[in-house]
2 protein chains.
Amino acid sequence: MNSPDLKSVCGCCSIKELCIPAGLAEEEVLLLDQHMNHRRTVRKGDALFRTGDAFRSLYVVSAGLFKTSMLHEDGRTQVTGFQMTGEYLGLDAISSGKHHCEAVALEGGSVCEIAFDQLESLGQLLPNLQHSFHKSLSREIVRDQGVMLLLGSMRAEERLAAFLLNLAKRSAHRRQSDSELILRMTREDIGSYLGLKLETVSRILSRFHDQGLLEVQGRHVRILSSEGLERIIRDH
Amino acid sequence: MNSPDLKSVCGCCSIKELCIPAGLAEEEVLLLDQHMNHRRTVRKGDALFRTGDAFRSLYVVSAGLFKTSMLHEDGRTQVTGFQMTGEYLGLDAISSGKHHCEAVALEGGSVCEIAFDQLESLGQLLPNLQHSFHKSLSREIVRDQGVMLLLGSMRAEERLAAFLLNLAKRSAHRRQSDSELILRMTREDIGSYLGLKLETVSRILSRFHDQGLLEVQGRHVRILSSEGLERIIRDH
DNA sequence: CGATTGGTTGAGCCCATTCAACGAATGTGG
DNA sequence: CCACATTCGTTGAATGGGCTCAACCAATCG
């Protein structure tokens, strides 16, 4: 499970402040470490789990970008999120013991895995870990409800503006540029996430480009005016 | 906090199988009991908490029906859920220590309150409680993602059909009729939750009535053909 | 009683979709 | 290496579903 030659993998991890170890004491991280399966690499297109799979483990993205999609009985499918480094995958599966969505890598990367029963046992020993896990679950609820607001009350332009600003903010938080974005997902993925058709996504990106808000070249997007994007959201 | 004259309130509660005590041993329920503030009554229109309030406690509906709404900075507002007996209120606030939505009673009722720090401490003592709490959080995530699917990929008729079937299912689970519904919320609340305008909600209820799927008289709705409603969802 | 709130229905409009054509990039097998 | 298929993205024209605006009714309340 753990690499015996390394005292602590999590303790040396470059994203530890974004990830489960955030806020834990050094000796707590050491203990956590022993229960983690570290940095399993995934290639673009790989599925970490699929809808209906039995739930055993949670994953945290350590590198790369993932998307999660729900499949409804009747063929309908909806992208429910794009996960960057430090974000959990599989939280929805705790409720019923099976996964309600599938998680697919949008680029090569890696994940850290922890068996959920072990995480719960560790939580009994480490109140800090328990609390930060609760915050992560709650943060996912807030995020999902934010998307509900977006889907329920915003028009297409506003949705896309909010999406781009959100990506930029999360990139910046990970010490990447907050204006230079590389959309690793297709227009269809974006549309599915935002409740729009891919043509609409494409059209609105072009419109933003024409308005001088963005530079768009395929999947390379540079935000020229985040104020302009924010104004679109504010002005309904 | 607790009523000293009662050995166990939760243990005698009529909805204990729907609520926090579900799956706990008798002595665990006794311990839980001592940390709960039981059955605070609320009147129609009362707010349990409002957006921005400091987070101290979680609530569980013990009687009545609540709605939660998010308020966006720019006046936009969105109903994020309707909570029936046994369902938590306030889970979104764990993430940041303040409430991201407001919870308002749609009819007279009552809630049980538990200070969150005490719930976490109890969780350290009672792994069963810890686990069932995790399942509740995860269930809320699944629910929210289900609404994302609804808002992102269903048309107005399908949304309303899904909404009515969901209400009916949850009512039946609480030993109420699964065909006789009383909509305690306004058409505007329903519309906000489903990403529709109130006129659209009204029109579609009338359409369902004309099609013989429902009997509609104001807020009293009788489902005449749940198969018909399911077919609407299935036939896109 | 008038005022207010909640609900229904109609007419016209607009935003996003549908349908379609086309171009660019990538990959594959001969 | 090229021919070809496939995937992804862009853009145009026409359509339609839900919205906007508006009028009206019913129930409730001070």
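Listing for the model above:
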quantity: Residue under evaluation residue B:52, criteria (1) on the phi > 0 side of the Ramachandran plot; (2) modelled with pLDDT of 95 or more; (3) away from chain A (no Cβ under 14 Å), criterion not met; calculated: (3)
quantity: Test: residue in region B:127-143 that is under 20 Å from residue A:149 (Cα atoms) and more than 7 Å from chain A (Cβ to nearest Cβ); calculated: yes
quantity: So residue B:219, is it within 15 Å of DNA strand D (Cβ to nearest atom) and out of contact with any helix residue (DSSP H, G or I) (no Cβ under 8 Å at 6 or more places or on another chain); calculated: yes
quantity: Flag if residue B:188 is at pLDDT 95 or above, more than 12 Å from DNA strand C (Cβ to nearest atom), out of contact with any Ser or Thr (no Cβ under 9 Å at 6 or more places or on another chain) and among the charged types (D, E, K, R); calculated: no
quantity: Sole residue being closer than 27 Å to residue B:62 by Cβ and more than 16 Å from DNA strand D (Cβ to nearest atom), chosen from B:183, B:167, B:224; calculated: B:167
quantity: Unmet requirement for residue B:183, which otherwise passes all of (1) within 19 Å of residue B:83 (Cα to Cα); (2) within 16 Å of DNA strand C (Cβ to nearest atom); (3) within 14 Å of chain A (Cβ to nearest Cβ); calculated: (3)
quantity: Which numbered condition residue B:12 misses (of (1) more than 21 Å from residue B:109 (Cα to Cα); (2) free of Cβ contacts under 8 Å to residues at least 12 places away in the same chain); calculated: (1)
quantity: Those helices (runs of 4 or more DSSP H) lying entirely in region B:122-230 with at least 2 residues buried (at least 17 other Cβ atoms within 10 Å of the Cβ) and under 19 Å from the mean Cα position of the chain (by Cα); calculated: B:127-153, B:156-173, B:187-194
quantity: Test: residue in region A:143-159 that is out of contact with any strand residue (DSSP E or B) (no Cβ under 7 Å at 6 or more places or on another chain) and within 11 Å of DNA strand D (Cβ to nearest atom); calculated: yes
quantity: Those residues of region A:192-213 which are more than 10 Å from DNA strand D (Cβ to nearest atom) and either of a type in the set (A, V, I, L, M, F, W, C) or out of contact with any Ser or Thr (no Cβ under 8 Å at 6 or more places or on another chain) (or both), in sequence order; calculated: A:194, A:196, A:208, A:211, A:213
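Residues checked against (1) within 12 Å of DNA strand C (Cβ to nearest atom); (2) closer than 30 Å to residue B:156 by Cβ:
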{"position": "A:143", "(1), (2)": "no, yes"}
{"position": "A:159", "(1), (2)": "yes, yes"}
{"position": "A:165", "(1), (2)": "no, yes"}
{"position": "A:194", "(1), (2)": "yes, yes"}
{"position": "A:214", "(1), (2)": "no, no"}
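The values are calculated or read from the model by the stated rules, or taken from the named source; none is laboratory data. In this text, all values refer to a predicted model and were calculated from it rather than measured experimentally. Using ideal geometry, Cβ is built from the backbone for each residue, glycine included, and neighbour counts are taken over all protein chains shown.
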